[in-house]
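In what follows, a single structure is set out as structure tokens and then discussed.
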Amino acid sequence: MGICSLIDRELPRPGSAAGFNPSAHVLPLVLMLAGGGRTLEDLRVLRHDEGPGSLLQLEEMPSSDATGAWLRRMGGKESGGLVGLQRVNRGVFRRLLPSEHRTVYTLDIDATQIVAQKCEAHYPYYMPMVGHIAELGLVIGYEFREGTAAPAAGNLEFVQACERNMSKGRRSRRCAPTARLIKRQSSIIARRLARSLRSAPIRTRR
């Protein structure tokens, strides 16, 4: 599918000739997460296991410290790493989209909690928004958000961004927000209604 070449093309290149290509960091991370890993230190186990490296033809694997430094560089706004990652996700999604007659899909959006242990975090967790195609189980879009961000905020813009990631001739006409979003939106409506009722003038019959 040419995933490695796509990653190396869209993500920022290493700063020196001795640096690793972006795909050399991404593939071990994906393999580690798929195997149940939770931290960067789990890459050490993968790095010293010759089986997966030989099977997947991973000629060289960066250390966990090198991958951690790379992730911090990619997360910087000036690096363009997150924007490039969105292009990679869009390219992979379109390649995995099966050649079928279906043209209308269900977009399932959900705020996913990620517990953080960073001193820079504004809250002890992040709440990125993730969009899935329900019929295929594929991620079509995501948006990084701080833990203080309301799950119901900016959903229209997020849905429109996911719509742009669809390949030509296909679209998501139905949007299925999850129970968390429905509960959040319902509570917002209830609070607004309560404020309206409290501020409404009371009329008495004479």
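At-a-glance table
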| item | result |
| --- | --- |
| Nonlocal amide H pairs with residue 141, under 5 Å, H built at 1.01 Å | 131 |
| Placed amide H near residue 105: partners under 5 Å, 5+ positions off or other chain | 171, 172, 173, 174 |
| Fully extended contour minus Cα-Cα distance, from residue 164 to residue 102, at 0.36 nm per residue | 20.6 nm |
| Contour minus Cα-Cα distance for residue 71 and residue 115 (0.36 nm per residue) | 14.2 nm |
| Label-to-label distance, nm, for residues given as residue 157 and residue 54 (7 Å Cα→Cβ offset) | 5.1 nm |
| Net charge, residue 10 excluded, C-beta distance under 12 Å - Lys, Arg +1, Asp, Glu -1 | +3 |
| Gain upon complete extension [residue 144, residue 16; 0.36 nm per residue less C-alpha separation] | 43.2 nm |
| Highest to lowest packing among 138-147, 27-36, scored as the average C-beta count within 10 Å | 138-147, 27-36 |
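We did not get these values from a lab; they are worked out from the coordinates using the rules stated. Everything quoted here is computed from the prediction, not taken from an experiment. So basically every Cβ, Gly included, is an ideal-geometry build from the backbone, and we count neighbours across all protein chains shown.
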